[in-house]
Amino acid sequence: MMDLSQLTRGVLAVSATVMTLTPATSAASQFPLARSAWLDGFTLTEYWPAPERWFRGAKVVAPGLTKAYPVDFLYSAMGVAMEGDGVGVDGSRVHLASGLTGYVNAKGVKGGTPYWANEMFWLNSSGLLTFPLQAGGWSNGAWASSKPTNKVNAKLARFEPGPSLGASGAPLRSLASVAVDPKVIAYRSAVYLSAYDRWFCAADTGGAIVGRHLDVFRDAPTVRAGGTTRLSQRIRVLIPADARKLLPLLCR
């Protein structure tokens, strides 16, 4: 059976065939594409499932889960609540399934830079968000427990074990899935990125993925500041009908 790396590598003979099947063009007369084409001027960024190893909060069992995870891994704006997907230190996967009602800032109110999900947080005596740590103590001063309003319990957000599906309904796979603007590239198109020498399934989207911007799904980097941005990239797009014929396993 062909493994994923063999399937997506651009050096496969099938890739050479695909790349020359239709005339290459750097422009498109309409979006989403009506025929397979080359396109220029794309920005490539990267995203990944939040890794539990980056977080230090006390462990909680969130609605929908039976396994405990760090509270900041699940609910912070760096964790599953924002990324939608996470991976535990033991390799277990977890994703946000439904119910999230937005985010709060570091003061525990809506507006400004998102810091935490709009639930499951504590406020210190200065009214700033804090959370308990696995090692004991608090991340930003002790919870001001004298006021019931200084703790907001879990409400509507529900998590589930396992990886998430992309917006297309296809599973997200490392270095095989890419987020697109569906107004430009239809879901389940095949996208060749020479920077990675691979074909990707157009499986997902995101609020920041607008126009000629692609977001490559990958494993988490070693440090939070990891990840690569590439500008002015040329890409090859096979519309879904062509992708199904020529790379039938890519978006399975």
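Just so you know, all these numbers are worked out from the coordinates, no wet-lab data involved. Because the structure is a prediction, the values reported are computed rather than measured. No Cβ is skipped: glycine too gets one built from the backbone with ideal geometry, and neighbour counts run over all protein chains shown.
The residues neighbouring Asp85, those whose beta-carbon lies less than 14 Å from its own, together hold a net charge of -4 under the Lys/Arg +1, Asp/Glu -1 convention. Averaging the sequence gap over all C-alpha pairs within less than 8 Å and six or more residues apart, then dividing by the number of residues, gives segment 50-161 a relative contact order of 27 percent.
Near Ala208: Cβ cut-off under 15 Å, other residues only, Lys/Arg at +1 and Asp/Glu at -1. The net charge is -3. Label separation (Lys67 vs Ala208): 2.7 nm, computed from points 7 Å beyond Cα along the C-beta direction.
Relative contact order for segment 57-115 using alpha-carbon pairs under 8 Å, separation at least 6, rounded to a whole percent? Relative contact order, segment 57-115: 19 percent. Multiplying the residue separation of Lys151 and Ser125 by 0.36 nm and subtracting their alpha-carbon distance yields 8.2 nm.
The relative contact order of segment 153-252 comes to 32 percent, based on Cα pairs under 8 Å that sit 6 or more residues apart. Since only Gly169, Ala106, Ala144 are under comparison, the one whose Cα sits farthest along the positive direction of the charge dipole of segment 87-217, derived from C-beta charges on Lys, Arg, Asp and Glu, is Ala144.
With each label modelled as a point 7 angstrom along the Cα→C-beta vector, the Arg234-Lys59 pair spans 5.2 nm. Among His213, His95, the order by Cβ neighbours within 10 angstrom, fewest to most, reads His213, His95. For the chain, lysine pairs with C-alpha atoms less than 26 angstrom apart, excluding pairs fewer than eight positions apart on the same chain, total 16. Taking each residue as 0.36 nm, the span from Leu249 to Ala34 lengthens on full extension beyond its C-alpha to C-alpha distance by 75.2 nm.
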